[in-house]
Amino acid sequence: MYYGKETDELKKAREEYEGIFGYDPNGEIELEFNEQDEYLAVLLQCIEEKKDMFDVLGGEEA
């Protein structure tokens, strides 16, 4: 989950993630992101690899 400022790029990545996986990635309360850049990087990797956050992060908290 990410609570900080949301840029247009981050909003677009969240929408694309939701389109692929069927849910808003910000709803994953098990995962906490403090930095927007870190959150965006994970989202973009998920989108590129077509893997959800848990697969990309190996089940570990961010």
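Things to note:
- Contact order normalised by residue count of the chain, Cα under 8 Å, 6+ apart, percent: 37
- For the chain, a crude dipole built from +1 on the beta carbon of Lys and Arg and -1 on the beta carbon of Asp and Glu, taken about the Cα centre, is about 180 debye to the nearest 20.
- Largest-first ellipsoid semi-axes for the chain, taking √(5λ) over the Cα gyration tensor eigenvalues, angstrom: 15, 14, 10
- Set of lysines near K51 by C-alpha distance (under 18 Å), chain-local residues within fewer than 8 positions excluded: K12
- Stretching the chain fully between F54 and E30 yields a gain of 7.7 nm (0.36 nm per residue, less the alpha carbon separation).
- Solvent-accessible surface of protein heavy atoms, probed at 1.4 angstrom with all chains present, puts L43, L57 in the order L57, L43, largest first.
The values are calculated or read from the model by the stated rules, or taken from the named source; none is laboratory data. Keep in mind the model is a prediction, meaning the values are calculated, not measured. Glycine gets a Cβ as well: all are built from the backbone with ideal geometry, and neighbour counts include every protein chain shown. Areas reflect the complete protein model, heavy atoms only, side chains present, ligands, DNA and RNA absent. Shrake-Rupley method; radii C 1.70, N 1.55, O 1.52, S 1.80 Å.
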